[in-house]
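Just below is one structure, and these are the notes that go with it.
The values are calculated or read from the model by the stated rules, or taken from the named source; none is laboratory data. Just so you know, these numbers come straight off a predicted model, no measurement behind them. We place every Cβ from the backbone using ideal geometry, glycine too, and count neighbours over all the protein chains shown.
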Amino acid sequence: MYVSLLEACSLSPAIALTPTHAFLAWETWDGNGEWQFLETTITSSHSFEDACMLGGITAQKHLEKKNLQIIPINELRAKGVMPME
């Protein structure tokens with residue numbers, strides 16, 4: 001759902017994967033390679049700012065361990081992965 005919302009806003013979303021978790025990412029400017037992150041599991045109980053902060057902390061921790069994979073949604077769409085209807 002979050003990915004579809006970001007696509008509708010003309011942002012470049014991605015899925016951020018760690019060995020045990022997945023969360024949302026989006027490029028801050030199309031093609032610049034800088035990412036923002038959102039921990040979607042807490043968005044119903046915490047502020048958007050808190051969810052972004054936790055997403056950033058999680059991403060940084062896994063970047064340092066070199067086990068964060070960012071998969072842009074446009075790459076998945078090109079392979080035929082589409083949202084559920």
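Among the candidates Thr41, Thr58, single out the residue that is surrounded by 10 or more Cβ atoms within 10 Å (Cβ to Cβ), polar (S, T, N, Q) and free of Cβ contacts under 8 Å to residues at least 40 places away in the same chain. Write out each step before concluding.
Working: Thr58 fails: free of Cβ contacts under 8 Å to residues at least 40 places away in the same chain.
Result: Thr41 is the single residue among Thr41, Thr58 that is surrounded by 10 or more Cβ atoms within 10 Å (Cβ to Cβ), polar (S, T, N, Q) and free of Cβ contacts under 8 Å to residues at least 40 places away in the same chain.
Looking at region 12-26, which of the residues that are more than 16 Å from Gly56 (Cβ to Cβ) and out of contact with any Leu (no Cβ under 9 Å at 6 or more places or on another chain) is surrounded by the fewest Cβ atoms within 10 Å (Cβ to Cβ)?
Thr20
In the set Glu49, Glu7, Glu34, which member is without any contact (Cβ under 8 Å) to a residue 60 or more places away in the chain and under 14 Å from the mean Cα position of the chain (by Cα)? Walk me through how you get there before you give the answer.
Details: Glu49 fails: under 14 Å from the mean Cα position of the chain (by Cα); Glu7 fails: without any contact (Cβ under 8 Å) to a residue 60 or more places away in the chain.
None of the other options fit; the residue is Glu34.
Taking region 69-85 only, how many residues are touching a residue at least 12 places away in the same chain (Cβ under 8 Å) and either touching a Ser or Thr at 6+ places or on another chain (Cβ under 6 Å) or of a type in the set (D, E, K, R) (or both)?
Total meeting the criteria: 1.
Any chance region 27-38 includes a residue that's touching an Asp or Glu at 6+ places or on another chain (Cβ under 9 Å), exposed (fewer than 10 other Cβ atoms within 10 Å of the Cβ) and not small (Gly, Ala, Ser)? Outline the logic, then answer.
Here is the first cut: in region 27-38, the ones touching an Asp or Glu at 6+ places or on another chain (Cβ under 9 Å) are 27-28, 33-36.
Narrowing further to those that are exposed (fewer than 10 other Cβ atoms within 10 Å of the Cβ): 33-34.
From what is left, the residues that are not small (Gly, Ala, Ser) are 34.
Yes - at least one qualifying residue is present in region 27-38.
Select from region 56-76 the residues that are touching a strand residue (DSSP E or B) at 6+ places or on another chain (Cβ under 7 Å) and closer than 13 Å to Leu17 by Cβ and list them in ascending order.
Scanning region 56-76 gives Thr58, Ala59, Leu68, Gln69, Ile70, Ile71, Pro72, Ile73.
Within the bounds of region 1-23, is there any residue that is among the aromatic types (Phe, Trp, Tyr), in a helix (DSSP H, G or I) and touching a helix residue (DSSP H, G or I) at 6+ places or on another chain (Cβ under 6 Å)? Break it down into steps so the answer makes sense when it comes.
In the first step, residues of region 1-23 are kept if they are among the aromatic types (Phe, Trp, Tyr); the result is 2, 23.
Those still in the list that are in a helix (DSSP H, G or I) too: 2.
Restricting the remaining residues to those that are touching a helix residue (DSSP H, G or I) at 6+ places or on another chain (Cβ under 6 Å) gives 2.
Among the residues of region 1-23, at least one is among the aromatic types (Phe, Trp, Tyr), in a helix (DSSP H, G or I) and touching a helix residue (DSSP H, G or I) at 6+ places or on another chain (Cβ under 6 Å), which makes the answer yes.
Output yes when any residue across region 26-34 is assigned to a helix (DSSP H, G or I) and at pLDDT 95 or above, and no when none is.
No, region 26-34 contains no residue that is assigned to a helix (DSSP H, G or I) and at pLDDT 95 or above.
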